[in-house]
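Every number here is computed from the coordinates shown, using simple stated rules; none is lab data. Computed from a prediction, not measured in an experiment: that's the story for all the values here. Heads up, the Cβs are rebuilt from the backbone with ideal geometry, glycines too, and the neighbour counts pull from every protein chain shown.
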Amino acid sequence: MLSVTMAGLNAAQKEMNVTSNNLANASTVGFKRSYANFGDVFSSDPAANPKTSVGSGVLTSSIARDTTAGALKTTGRVTDMAIDGRGFFVLDDGAGGLTYSRAGNFSFDELGNVVDPGGFQACVIETGATTPTPLKIDPIITESSVEYTLQGLSISSDGTVSATYSNNEKYDLGRIALATFPNDGGLKAIGGNRYVETGLSGANKTTAAGAPNAGNIMSGALEQANVDITNELMDMIRAQQVYNGNARMLQTTVETVSRITDKL
């Protein structure tokens, strides 16, 4: 009895932890909510009578991720990007490694690199290439010994990044790289809105935005967290009720055992 009750308490606590994390990240750009899956526990004794066997509690079978898209919020900043459809931004960690994210709140660093808040560079696929490369936009270019100040930047729906300079020339710098996976939910979260590939996610397929099976880019917008605060609060209330019920059962069990031992 005690082990069953403790299993119930642990499961309810796990669900509250997951829900609390969702609520804490309700304003985190590109955040994907998680949810707990549970399974009942029964004895594996082959001699057990299925007509009279009683369950042995509950266990957490998995913590899964809801990868549905969040709502889009217009910001007007050209380097803010949202993915309309499938795919993850490809980020270069500066050491040859790649991570993936749905958060497109990019900006320029002091060198002209387009980076996320953690300093990881957004990648593009240049014309004729197949490997993603970090996106850098030079504030000044030199042609025939003449310097030209960057005048404007645009990102089209197919991810094409175009820079216009004071010589009135537009230069295409490649298309935003997106990675797709057979199972998005199998990616491992490593913090900072970033994920890494795992055996459960399957191997990434990196392509340019707007390509078949990859989403389009919406410049000047950000994908919000897919957290519904009302639903999360309802989940929290239910988990609290489950926890309180198991706590009451534990108290009753302890009191019953105490009465029995007092009579011996």
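Assorted remarks:
- Electrostatic bookkeeping for G104 treats Lys and Arg as +1 and Asp and Glu as -1; over the other residues with beta carbon under 9 Å from its beta carbon, the sum is -2.
- Largest GNM mean-square fluctuation among S56, S162, S44, using the chain with Cα springs under 10 Å: S44.
- Low-density loop cleavage sites - GluC sites (Glu not before Pro) in region 161-230, where at most 14 other Cβ are within 10 Å (DSSP): E169
- Most fluctuating residue given options A209, A225, A247, as computed from a GNM of the chain linking Cα atoms under 10 Å: A247
- Ranking I125, A103, T5 by how far each Cα lies toward the positive end of the dipole of the chain (charges on Cβ) leaves T5 at the top.
- GNM flexibility winner over the chain from K51, K136, K32 (Cα, springs under 10 Å): K51
- Per residue, the chain reaches -8000 deg cm²/dmol at 222 nm when only DSSP H runs of four or more residues are counted, each adding -39500 (n - 2.57).
- For region 128-182 and region 72-116, distance of Cα centres in Å: 14 Å
- The local environment of T79, defined by Cβ-Cβ distances under 12 Å, has a net charge of -2 under the rule Lys, Arg +1 and Asp, Glu -1.
- Per-residue Cβ neighbour rank within 10 angstrom, fewest leading, I190, I176, I63, I83: I190, I63, I83, I176
- Relative to the longest principal axis of the Cα atoms of the chain, the long axis of helix 229-263 lies at roughly 30 degrees.
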